[in-house]
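A quick write-up on the structure given underneath.
The values are calculated or read from the model by the stated rules, or taken from the named source; none is laboratory data. Nothing here was measured: the structure is a model prediction, and the numbers come from that model. Here the Cβ positions follow ideal geometry from the backbone for every residue, glycine too, while neighbour counts run over all protein chains shown.
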Amino acid sequence: MITVVILGFGNVGSHLFKVFENTPGTRVLQVYTRSMSKETTHNKRFVSNILDITPLADVYIAAVPDDTIHHITSQLDFTNKLVVHTSGGAALEHCSNNNRKGVFYPLQTFSKNKAVDFKNIPICVEAENKEDLSLLTNLGALISQKVCTISSSERSKLHVAAVFVNNFVNELYHISEDILTIQQLDFNLLAPLIKETANKIEYLTPALAQTGPAKRGDKKTIRTHQQLLTTQQKEVYQLLTSSIQKRNISQDE
């Protein structure tokens, strides 16, 4: 049995709590949250004073924003325990030196009220010694089918790649929704296209999956599209069109 304390009950922390609660071999001893709600007030395992955190857990997981990792982990009133964070962009060293440091990074986008299947989520782990790395690997394997040992340097590059395929793509969804809303068209008309585009990546490389006017050099369609866009939308359109065209040129050389 691996015992866990979760520091933070936001998007990531709340999902970790749910999956550990429902996974044989793990037990959540406590959850620290500064904002108690109806959901947490009557559960004695939830505490709002970090000094009330038990020193008896195997792993302490700081599921908090990057700029608060050191502050939160430095307030723990014990030493020589395994304290990890869940950030993709923060280095191992962001955790306080008061305890043994590690990383337990689930590579997924989390929204608090949207369920996810952890079995398909890669868990990226890092630790200062082999024993702690083994513990984190075993903890990850209880909830996921894919656990990877990745250094802070590798993880930072993985995280920026994740921003491109997740956050930036979602912003493009937002732009598309704005365009359709003005015309009183339903954004869900694009849902099958969005799903097919994502599904293609499972069996095609991004280069082979790319289609559209920029890929085929259709200047007439590109000019027509630009006339339909706001100044800000046109800037994004031109930037991405140029990126696709430059990539095509380099591939042809």
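Looking at segment 110-131, is at least one residue in the same structural domain as T23 (by TED's automatic domain parsing), within 19 Å of T54 (Cβ to Cβ) and surrounded by 20 or more Cβ atoms within 10 Å (Cβ to Cβ)?
From segment 110-131, those in the same structural domain as T23 (by TED's automatic domain parsing) are 110-131; that's our starting set.
Of the ones still in play, those that are also within 19 Å of T54 (Cβ to Cβ) are none.
No, every residue in segment 110-131 fails to be in the same structural domain as T23 (by TED's automatic domain parsing), within 19 Å of T54 (Cβ to Cβ) and surrounded by 20 or more Cβ atoms within 10 Å (Cβ to Cβ).
What pairs come up if the first residue lies in segment 153-170 and is over 14 Å from P122 (Cα atoms), the second is surrounded by 12 or more Cβ atoms within 10 Å (Cβ to Cβ), and their beta carbons are under 7 Å apart, counting only those six or more places apart or on different chains?
Short answer, once both residue conditions are applied: S156/G89; N166/T109.
Looking at (1) under 30 Å from L139 (Cβ atoms); (2) not in a helix (DSSP H, G or I); (3) not aromatic (F, W, Y), which is the one condition that is false for H159?
(2)
Hey, can you tell me all the residues within segment 207-238 that are closer than 17 Å to S176 by Cα and loosely packed, with under 10 Cβ neighbours inside 10 Å?
Scanning segment 207-238 gives Q227, T231.
Cβ contacts < 8 Å: first residue outside the structural domain of K130 (by TED's automatic domain parsing) and farther than 22 Å from F110 by Cβ, restricted to segment 64-84; second residue modelled with pLDDT under 95 and part of a strand (DSSP E or B), any location; separation 6+ or different chain. Result?
That search, which allows pairs on different chains as well, returns nothing.
Considering segment 27-61 alone, what residues qualify as being at pLDDT 90 or above and among the acidic types (D, E)?
D52, D58, listed by residue number.
Looking at F9, F20, can you tell me which residue is assigned to a loop (DSSP other than H, G, I, E, B), in contact (Cβ under 8 Å) with a residue 24 or more places away in the chain and either surrounded by 15 or more Cβ atoms within 10 Å (Cβ to Cβ) or outside the structural domain of N98 (by TED's automatic domain parsing) (or both)? Reasoning before the result, please.
On the way: F20 fails: assigned to a loop (DSSP other than H, G, I, E, B).
Selected residue: F9, the only one of F9, F20 that is assigned to a loop (DSSP other than H, G, I, E, B), in contact (Cβ under 8 Å) with a residue 24 or more places away in the chain and either surrounded by 15 or more Cβ atoms within 10 Å (Cβ to Cβ) or outside the structural domain of N98 (by TED's automatic domain parsing) (or both).
Residues in segment 173-184: is at least one part of a helix (DSSP H, G or I), surrounded by 14 or more Cβ atoms within 10 Å (Cβ to Cβ), outside the structural domain of L136 (by TED's automatic domain parsing) and of a type in the set (S, T, N, Q)?
yes
Residues to consider are G88, G102; find the one that is in a strand (DSSP E or B), in the same structural domain as P55 (by TED's automatic domain parsing) and within 19 Å of the chain's Cα centre (by Cα).
Details: G88 fails: in a strand (DSSP E or B).
Of G88, G102, the one residue that is in a strand (DSSP E or B), in the same structural domain as P55 (by TED's automatic domain parsing) and within 19 Å of the chain's Cα centre (by Cα) is G102.
Does segment 105-134 hold any residues that are closer than 18 Å to A161 by Cα and touching a residue at least 24 places away in the same chain (Cβ under 8 Å), and which are they?
To start, the set of residues in segment 105-134 that are closer than 18 Å to A161 by Cα comprises 105-110, 121-125.
Within segment 105-134, Y105, P106, L107, T109, F110, I121, P122, I123, C124, V125 meet the criteria.
Pairs needed: first member in segment 196-220, closer than 18 Å to S242 by Cα; second member anywhere, of a type in the set (S, T, Y); C-beta distance under 6 Å; at least 6 residues apart or different chains.
P213/T221; A214/T241
For residues that are of a type in the set (A, V, I, L, M) and farther than 23 Å from T137 by Cβ, tally how many sit in segment 77-104. So that I can check it myself, show each step before the final result.
Within segment 77-104, the subset of a type in the set (A, V, I, L, M) is 82-84, 90-92, 103.
In the following step, the residues that additionally are farther than 23 Å from T137 by Cβ were identified as none.
Result for segment 77-104: 0.
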